Amino acid sequence: MQLEADTAGLRRRLIAASCALLSAATARSEETSVPEKLGRLLENWQIQSAVAYYHEDGRIQAIEPVVSAARETSDGGKIDLNFTFDSLSGSSPNGASPSRAAQTFASPSAKSFDAARHTYTVGPGRLPVDPNYSDARAAGGANWTFNLSRLTQATVGGKFSYEDDFYSATVNASIDHSFNDKNTTVSLGVSSENDFLQPIGGAPVPLSDYTLFEKGGHKSKRGEGLLLGLTQVMTRSWLTQANVSLDRFSGYLNDPYKIISVIDGTGNPVSYVYENRPDSRTRRSAYLENRVAWQRSSVALSLRYMTDTWGVRSDTAQVRLRWWNAARDQYLEPSVRWYRQSAADFYRPWIVNNEAQGPDASADSRLAAFHALTYGVKYGIKLNDRLGWFAREGTEFNLRLEYYQQTIQDGPAGPGALSGLNLYPGLKAILFQFGFSY
Amino acid sequence: MRSENGLLDAAKRRCDQPPDGQDAVGSAPVRIMRNLGLLCVFAGAFGLTAHGAEISDLGALHGRVVYLDFWASWCAPCRQSFPWMEGMKKQYEAKGLTIIAVNLDQERAEADAFLRRFHPGFEIKFDPQGLWAARFGVQGMPTSILIDRHGVARFTHIGFRPNDGSTYERQLEQLLAEP
Amino acid sequence: MIGCVIALSTVFCSACSSLGVKPWQRELLSRQDMRLDGNGLDDAIDDHVYFSKEASSGGRSFAGGGCGCN
């Protein structure tokens with residue numbers, strides 16, 4: 001009896017022990033590895049990320065990582081978030097014109113010419129640039145799209161941008177309605193932006209003499225925008241979109257760091273003044289895009305015409321061609337963009353000191369008349385079949401290279417000493433980007 | 001041995017009577033389907049091809065609840081509905097559910113590549129010309145039509161959103177519960 | 001200009017009903033390179049560069065096209 005009981009007890013204990021072992025083994029097989037945990041966390045999210053490196057010849061360079069994440073919501077809507085950070089450094093034109101003699105300028109943070117580390121000298125014939133330019137920016141945005149019905153969607157969202165001298169916050173809302181079997185979509189969007197500027201050294205008194213350092217305080221500006229769009233499926237392989245938009249900005253629209261050379265009749269600089277721009281700007285633009293697809297390639301052509309109350313008119317045309325390989329897991333995408341703009345009414349590369357002066361003047365080359373060309377190429381490779389457990393359908397690695405050149409043509413010839421100098425050197429830049437989507 | 005035409009006539013007679021428990025007009029999808037004369041189209045000449053063979057034996061489907069789904073490999077919500085349809089098949093096949101997924105890819109190779117990846121257990125039919133999609137009035141991708149045991153289309157759904165699965169499942173349970 | 005826009009859209013829209021495809025014929029339109037937001041990050045990065053160097057910006061929107069699902 002005793003022995004039997006003991007055997008039964010032993011058997012019970014053995015069974016208990018083996019059960020414990022079994023459950024431990026099961027638990028171990030259920031224990032997820034780190035990659036699996038990561039995969040599960042990102043399960044419903046589509047991530048796109050890229051790092052862009054931008055380099056201007058002799059000027060600014062910037063590095064800009066960007067990430068965006070999108071997720072479908074349970075009612076078939078979408079949430080998307082994005083975040084970008086950029087860090088700039090290098091030389092930035094300060095608005096003054098080249099001169100036959102060397103010129104010395106003070107950095108924006110300077111309060112006077114005395115402190116040597118806050119000044120910089122530009123050689124004869126060279127375009128005056130501030131070599132200590134540096135800026136860091138963090139920006140992000142979020143949008144939530146939800147269905148009002150099967151054919152109507154609304155989106156609300158906002159974005160912000162933060163630099164040490166500039167903060168911006170924007171809210172936007174839009175509504176899209178489709179009909180004709182979703183072949184036609186009309187959309188209406190509105191946005192409202194508020195910006196707060198705290199220029200380094202303070203906001204200068206417009207058109208004041210630069211050497212007086214009359215600077216102080218902070219400024220603000222705001223903008224409202226309206227966009228009306230129509231998207232139409234033309235055929236199985238052709239899609240068209242047409243938009244018109246209207247924006248209005250008001251408040252402090254000056255660049256607080258830009259100056260203008262004041263020259264005498266012989267072309268020599270006698271002083272420099274801070275720029276001034278109108279305190280409102282209304283801009284209208286029309287945009288047309290067409291995309292056509294074939295079995296292994298597609299082309300996207302877009303055109304934009306813009307006009308504003310500052311007198312700037314611009315035309316933009318961009319073509320992108322995509323070629324897929326036979327397996328459709330790699331592509332090559334060359335692109336070309338052509339851009340032309342006219343000068344703002346108050347664009348003055350310099351001011352002649354005895355001439356009558358309007359209330360606004362700016363020598364910022366971004367407001368000059370120029371044309372620009374961008375040549376780009378992008379290569380992408382889909383990784384779903386190559387990375388096994390990790391990859392999903394949208395997994396892709398891509399590289400992009402672009403060359404951008406701005407040419408200022410027919411700029412007014414400088415009088416006297418300015419003639420013969422290269423007053424409008426333009427801009428050459430390259431962009432190199434690599435990206436990863438998951 | 002009933003002829004196909006005989007089946008069609010018998011089905012048409014059944015279809016012309018309103019389903020029990022519903023008013024003469026019926027729910028919106030039923031109304032639409034009836035106006036388009038499609039209730040009987042389904043009941044009668046189910047002429048889709050499955051690997052080249054015509055399906056004309058209605059007897060196999062009559063008495064079962066049919067979930068007729070129109071999908072394509074390029075449609076993301078369609079891809080999301082496949083695991084759900086697999087789940088429905090496992091759970092309700094024994095209770096009388098048949099799932100038929102009609103593929104509308106123009107390129108058969110695309111559909112095959114998709115099926116090689118997902119290995120669905122339910123029946124797949126191919127309609128590359130979209131003839132059946134047109135006759136059933138498909139308005140969006142995916143479209144699913146829930147047909148009761150008498151061959152009457154009772155619910156039509158356009159789209160498959162993440163929280164639609166539970167709604168459709170309740171409707172399937174309702175139809176499966178009916179005699 | 002608003003009058004022009006409305007007139008154009010009316011003309012466009014009345015012709016719209018004869019244009020387009022069936023819901024199951026959108027395989028090419030659903031492809032990544034045919035979607036209006038298909039170039040996502042590239043457009044955002046480029047727009048930021050052009051906004052900093054030129055006097056124009058914006059114009060694009062992303063609604064419509066695509067697979068038309070749901």
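The values are calculated or read from the model by the stated rules, or taken from the named source; none is laboratory data. Small disclaimer: the values here were computed from a predicted structure and weren't measured. No Cβ is skipped: glycine too gets one built from the backbone with ideal geometry, and neighbour counts run over all protein chains shown. Heads up: the accessible areas ignore ligands, DNA and RNA and are worked out on the full protein's heavy atoms, side chains in. Shrake-Rupley method; radii C 1.70, N 1.55, O 1.52, S 1.80 Å.
Probe radius 1.4 Å, ligands and nucleic acids left out: which of C:Leu41, A:Leu246 has the largest accessible area, and how do the rest follow?
Values: C:Leu41 20, A:Leu246 75 Å².
The ordering from most to least exposed comes out as A:Leu246, C:Leu41.
How large is ³J(HN,Hα) for each residue in the range A:312-318, as worked out from phi by the Karplus curve 6.51 cos²θ - 1.76 cosθ + 1.60 (θ = phi - 60°), to whole Hz, x for Gly and Pro?
Coupling constants for the range A:312-318: 7, 10, 9, 10, 10, 9, 9 Hz.
Ignoring everything except DSSP H segments at least 4 long, calculate the 222 nm mean residue ellipticity for chain A; use -39,500 (n - 2.57) per segment, divide by total residues, nearest 500. Walk me through the numbers before you get to the answer.
Working: 2 runs with 37 residues, N = 438.
One gets -3000 deg cm²/dmol as the mean residue ellipticity at 222 nm.
How big is the accessible area of C:Phe51 in square angstrom, nearest 10, if you roll a 1.4 angstrom probe over the protein chains?
130
Label A:Ser134 and A:Lys111 with points 7 Å out from Cα along Cα→Cβ: what is the distance between them in nm?
Taking the simple label geometry, A:Ser134 and A:Lys111 are separated by 2.2 nm.
Could you tell me the calculated FRET efficiency between A:Glu214 and A:Ser149, based on Cβ-Cβ distance and R0 = 56 angstrom, to the nearest 0.05? It would help to have the intermediate numbers written out before the result.
Numbers: r = 58 Å, r/R0 = 1.04.
Computed FRET efficiency for A:Glu214 and A:Ser149 comes out at 0.45.
For A:Gly76, which sequence-distant residues (separation of 5 or more, or a different chain) have an amide H within less than 5 Å of its own amide H, given hydrogens modelled in the peptide plane?
Hits under the 5 Å cutoff: B:Asn163.
If one computes P(r) from the Cα atoms of chain A, what percent of pairs lie at distances over 29 Å?
Working: 57936 of 95703 pairs.
I get 61 percent for the Cα pairs in chain A exceeding 29 Å.
For the range A:34-127, which GluC sites (Glu not before Pro) are both in a DSSP coil and crowded by at most 12 other Cβ atoms within 10 Å? All intermediate terms of the calculation are to be shown ahead of the outcome.
Working: sites: A:Glu36, A:Glu43, A:Glu56, A:Glu72; in loops: A:Glu43.
Counting only loop positions with at most 12 other Cβ atoms within 10 Å, the GluC sites (Glu not before Pro) in the range A:34-127 are A:Glu43.
With the crude spin-label approximation of a point 7 Å out along Cα→Cβ, what separation in nm comes out for B:Glu169 versus B:Glu107?
Calculated label separation equals 3.5 nm.
Looking at A:Ala96, A:Phe166, A:Tyr272, which one has the Cα that reaches farthest to the positive end of the dipole of chain A (charges on Cβ: Lys, Arg +1; Asp, Glu -1)?
Comparing the listed Cα positions along the dipole, A:Phe166 ranks first.
Near B:Lys90, which lysines are there with a Cα under 24 Å away, not counting those fewer than 8 places off in the same chain?
B:Lys125
At 10 °C and 1.306 mPa s, what whole-number value in µm²/s does Stokes-Einstein give for the translational diffusion of the range A:331-414, with Rh from the Kirkwood sum over Cα pairs?
Working: Rh = 16.8 Å.
In µm²/s, the coefficient rounds to 94.
Roughly how tilted is helix A:2-30, in degrees to the nearest 10 and between 0 and 90, from the longest Cα axis of chain A?
20
Under the Karplus relation 6.51 cos²θ - 1.76 cosθ + 1.60, θ = phi - 60°, what is the ordered set of whole-Hz ³J(HN,Hα) values for the range A:41-56, x standing for Gly and Pro?
5, 8, 2, 9, 9, 10, 10, 10, 9, 7, 10, 10, 10, 10, 9, 9
For the range A:337-389, what is the charge dipole size about the Cα centre, in debye to the nearest 20, if Lys and Arg each add +1 at the Cβ and Asp and Glu each add -1 at the Cβ? The partial results should precede the final answer.
Working: 7 positive and 5 negative charges, 110 e Å.
That gives a dipole near 520 debye.
Between their Cα atoms, which of A:Lys159/A:Lys182; A:Lys215/A:Lys258; A:Lys428/C:Lys53; A:Lys159/A:Lys221; A:Lys382/C:Lys22 are more than 19 Å away from each other?
Over 19 Å Cα-Cα: A:Lys159/A:Lys182; A:Lys382/C:Lys22.
Amide H to amide H, which residues 5 or more places from A:Gly201 or on other chains are under 5 Å from it, using H placed in the peptide plane?
Here nothing satisfies the definition.
Work out the mean other chain Cβ neighbour count within 10 Å for the residues of A:175-184 and drop it here as an integer. Walk me through the numbers on the way to the answer.
Values: counts 1, 4, 2, 3, 3, 6, 11, 14, 12, 7.
Other-chain Cβ atoms within 10 Å of each residue's Cβ, averaged: 6.
Using protein chains only and a probe of 1.4 angstrom, how many square angstrom of B:His157 are accessible, to the nearest 10?
The accessible area of B:His157 comes to roughly 30 Å².
Which FRET efficiency, nearest 0.05, do A:Asp57 and A:Asn354 yield, Cβ-Cβ r, R0 45 Å?
On the way: r = 37 Å, r/R0 = 0.81.
For R0 = 45 Å, the calculated efficiency reads 0.80.
Which of the peptides A:220-226, A:236-242 is most tightly packed, and how do the rest follow, going by the mean number of other Cβ atoms within 10 Å of each residue?
Numbers: A:220-226: 16.0, A:236-242: 19.9.
Going from most to least packed, we get A:236-242, A:220-226.
Across the residues of A:297-305, average count of Cβ atoms on other protein chains within 10 Å? Walk me through the numbers on the way to the answer.
Working: counts 1, 6, 1, 5, 0, 3, 1, 5, 2.
Partner Cβ neighbours, averaged per residue: 3.
As a test of the definition: with a 1.4 Å probe, what buried accessible area, both sides summed, do you compute for A against C, in Å² to the nearest 100?
Details: alone 24560 and 6320 Å², together 25500 Å².
What A and C bury together is about 5400 Å².
Please compute, for peptide A:239-245, the average count of beta-carbon atoms on other protein chains lying within 10 Å of each residue's beta-carbon. Display every interim value, and only then the final one.
On the way: counts 9, 4, 7, 4, 5, 7, 4.
Per-residue shielding by partner chains comes out at 6.
Work out the length of the dipole vector of the range A:31-437 about its Cα centre, built from +1 on the beta-carbon of each Lys and Arg and -1 on the beta-carbon of each Asp and Glu, and round it to the nearest 20 debye. Kindly include the intermediate steps, with their values, before the conclusion.
Working: 41 positive and 42 negative charges, 192 e Å.
Roughly 920 debye, rounded to the nearest 20.
Pick from A:Pro425, A:Pro199, A:Pro93: which is most flexible by mean-square fluctuation in a GNM of chain A where alpha carbon atoms under 10 Å apart are linked?
A:Pro425
How many nm is it between the label spots at A:Tyr375 and A:Asn268, if each spot is 7 Å from the Cα in line with the beta carbon?
About 4.4 nm separates the two model spin labels.
Rounded to the nearest 10 Å², what accessible area does C:Tyr50 have for a 1.4 Å probe in the complete protein model?
Spelled out: C:Tyr50, probe radius 1.4 Å, area about 20 Å².
For the range A:99-199, what is the charge dipole size about the Cα centre, in debye to the nearest 20, if Lys and Arg each add +1 at the Cβ and Asp and Glu each add -1 at the Cβ?
Numbers: 8 positive and 10 negative charges, 45 e Å.
For the range A:99-199, the charge dipole is close to 220 debye.
Express in nm, to one decimal, how much length is gained between A:Thr235 and A:Arg126 on full extension, taking 0.36 nm for each residue of separation and deducting their alpha carbon distance. Could the numbers behind the result be given before it?
Details: separation 109, 0.36 × 109 = 39.24 nm, distance 5.50 nm.
Stretched out fully, the A:Thr235 to A:Arg126 stretch lengthens by 33.7 nm.
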